[in-house]
Each structure stands twice: as structure tokens, then as C-alpha cells.
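Presented below is the structure to which this report refers.
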Ligand code: SF4
């Protein structure tokens, strides 16, 4: 069942007017900036910072500060909520998947998706929020709606974080896990994504533990090196593989022409791992393209030197210009069986959000494409 949210209340889109958006900064960075402006700036920063993330506003009025101090804060800082264009939901047996379309200050839109994951013993549902890191994407994966847009621009760290804060303020979403699997190749925007990771983990703000965060990449070699240099051993990494011989992978993922499988395998094998690190290997099952018996054998050969892996099989979700059809249930079960025969641990991703164009590979805004063409 698909529903649209009827009344979203007052909308906020706060374009940058030379003000610093707190959502893009760690608490230490806000403290340092505030201390330059006001003698007691760092003390006020300590109190305002958590509220900016919890309430999605610059809550200067929550504290007894002088009018001049308040004026300085309001002049210099902002909390940039995004404008909610729409929110749509798909209600299925596995829970409610919801997609929020959010407008940036320059009019472009990004999408984030709240995915139901797990029901707790007390009946509450745990959710994962799938975040966008770019408007469009230059990687050109042929099965992906976003890839057809081309890269329009990177999101700032504040815009990435604002997806979490805006959906919390507007809809009360409190995701347990965050994954960079929305619009864009996260590591193509490494400066902002790495900064966003630091802000997400800041213990005075949203305070996500590293194991609650996952970066997914199509195989961006430089970006993986930068992520490794961050030295966060509990951070999750997953790779979109989708082809385990160079011919197949290059056909569906042009990044493979730049970094072929042998090189990608070397980079991933060298990725610093904690003892129980498990590399996520995502396989979008494309009938007639990567669903043969030998494809399963190639996946196993690729994964062999990578330590512990978990292969996520994701049935293809046809978008507006389908590359192929969706696989049948029998085809999915058969391919998973072949992977297991190869000794690989496999998880089948239940398709969520397909009817609201919120499933894997379906995010993107055809209007933007039209405007650009
Ligand atoms: S799958 Fe990811 S990396 Fe590939 S085009 Fe789509 S958004 Fe970009």
C-alpha cells in the first residue's frame, strides 16, 4: 500500500547567507568558531550543539543569554533544515518503507529512505536510513536511476546530516543505522562524507557509534584509501560488485574500466580490518546479465582473499528505463543456492520500497534530468 503524507506543516529551507551551518561541524569546530566571536562562546556552543541535532533549530531562546549575544549567534550560525517536498510510504508485511524527497537551497532535490529492518521483542521496529551524498552521480551504473542523471553536484556535510535531522524534526524518524547507499557515490564526495561521518559520531550531537554507520561504494579506489586513513576499524564498508568478471562488470559499472577487478580485490584485501570485520558485497541480480552459474563461481573467486564477507543479493528493481526485468523468485533462490554451494555466506535482501521508487537503484528525479536535457 502506498500513501502520501497529507500535511507537512511549515517548511524550512534555509539558504546559506554567509552563516555557518552547525549541522556540518563537529562540536569542537563549533566551539572554536564561537570562541572567536564571543568570550563565553564555547560555553554557549556546548549547550546549543546537542539541541541543533535534537530539535533541528538554533535554540538560542532556550537559554538566558543577552540580546546582543543572541544576535551574534543568529547572525553567524544557522541550522539548515531542508524543505520537505513530499514523503511517501509503502506498507508491507515487513514494515513501512518511507521515502522523503528533500529540496536543497538551490532547488535541487535529494531523496532518503527509511527502511524497516528488525522488530524488537517489545514490538518496536528498528529502522535504517539510507542517505544521499550527491545530487545525481557520475559513476554511470547502467541499472541505476541516479546514474542516469549524471553528477549535478556534491552535497555538503551539512546537507548530508540534514537528511537525518530534517526527517527527525518533521517525521520523528530515529534510525538505528545509517547507510550511504542513496543517491551518489559517497566516496566520490569523500571530503564531505568523511566530515559527515565525524559529525554523525560526535558524542555531543547525534553520537552514532561507528558500527552503526556503513559506507557503500561502487569501487572508488582513492575514496577507499581515504576511508581507510580515517582509521575507524568499526566502520562498516560494503562494495557494489554486480559483475565478477571484467567484461560483465565493465558493462554494468563503468568504474570497472578505471579500477578492474584484480586491482579492486587488492585494495579491499588491504583494507584495515578489525577481527570480526565483515565486508558487505552487494549483488544486484540482473536476469540475463549476471545470474549464471559461472557468475556465482566468479563471485566466490573474487571474495576468496578478502577475509570475512557477506554477499547481499538484491533482486533488480526496474526503474523508468529498465535495463532488464526483475528476477523471478525461483531465479533469486537458485542464484543464492549457487553462491552457498560456493561456500559464501549470503543474505537475501527483501525488496522494500519498489512501489514508491525507493528501492535500491530507483532513487533519482526525472524532472531534474528533463531540466538538464
Ligand atoms: S549505483 Fe551508486 S555509484 Fe552507481 S550510478 Fe547509482 S548512485 Fe552512482
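Modelled spin-label separation between residue 117 and residue 105, with each label point placed 7 Å from Cα along the Cα-to-Cβ direction: 3.1 nm. Neighbour counts of other Cβ atoms within 10 Å put 122, 222, 330 in the fewest-to-most order 122, 330, 222. Of all the options 240, 94, 250, the one that moves most in a Gaussian network model of the chain with Cα springs shorter than 10 angstrom is 94. Springs join every pair of Cα atoms under 10 Å in this Gaussian network model of the chain, and among 44, 239, 224 the largest mean-square fluctuation is at 44. The alpha carbons of the stretch 187-332 give a radius of gyration and a Dmax of 16.2, 50 Å, in that order. With angles folded into 0 to 90 degrees, how steeply does helix 67-76 sit against the dominant principal axis of the chain? Use alpha carbons for both and round to 10. The two axes meet at around 30 degrees.
Axis of helix 221-230 versus longest Cα principal axis of the chain: the two differ by about 50°, to the nearest ten degrees. In this simple spin-label model, placing a label point 7 Å from the Cα along the Cα-to-Cβ direction at both residue 204 and residue 262 gives a separation of 5.1 nm.
Applying 1/(1 + (r/R0)^6) with R0 = 35 Å to the Cβ-Cβ distance of residue 333 and residue 191 gives a FRET efficiency near 0.25. Compared with the rule-of-thumb size 2.2 N^0.38 Å for a compact globular protein, the chain has a Cα radius of gyration ratio of 1.02.
Helix 27-37 versus the longest principal axis of the chain: what angle, 0 to 90°, nearest 10, using Cα atoms? Between helix and principal axis, roughly 30 degrees.
Looking at the chain, the DSSP beta bridges with both ends there are about 50 percent antiparallel. Does the stretch 30-139 classify as rounded, prolate or oblate by the C-alpha gyration tensor (a ≥ b ≥ c root eigenvalues; a/c under 1.5 gives rounded; else a/b over b/c gives prolate, otherwise oblate)? Here the stretch 30-139 falls in the prolate category. With the cut-off at under 20 Å, measuring from each backbone N in the stretch 148-186 to a point 7 Å along the Cα-to-Cβ line of residue 124 picks out 164-179. Using alpha carbons only, how many angstrom separate the centre of the stretch 165-208 from the centre of the stretch 277-317? First find each Cα centre; the distance between them is then 27 Å.
Distance between the 7 Å Cα→Cβ label points at residue 304 and residue 350: 3.6 nm. Let me make sure I get this right: for the stretch 221-300, a, b and c are the square roots of the gyration tensor eigenvalues over alpha carbons, sorted descending. Under 1.5 in a/c it's rounded, otherwise prolate if a/b > b/c, else oblate. Which is it? Prolate, since a/c reaches 1.5 and a/b exceeds b/c. Scoring 70-81, 53-64 by mean Cβ neighbours within 10 Å over their residues and listing the highest first yields 70-81, 53-64. In terms of the Cα gyration tensor, with a ≥ b ≥ c the square roots of its eigenvalues, is the stretch 127-275 rounded because a/c is under 1.5, prolate because a/b exceeds b/c, or oblate? Since a/c reaches 1.5 but b/c is at least a/b, the shape of the stretch 127-275 is classed as oblate.
None of the figures in this text is laboratory data; all of them are computed from the coordinates on show. It should be emphasised that the depicted structure is a prediction, and the values quoted were computed from it without experimental measurement. When we count neighbours, we look across all protein chains shown, and the Cβ atoms used for this are built from the backbone with ideal geometry, even at glycine.
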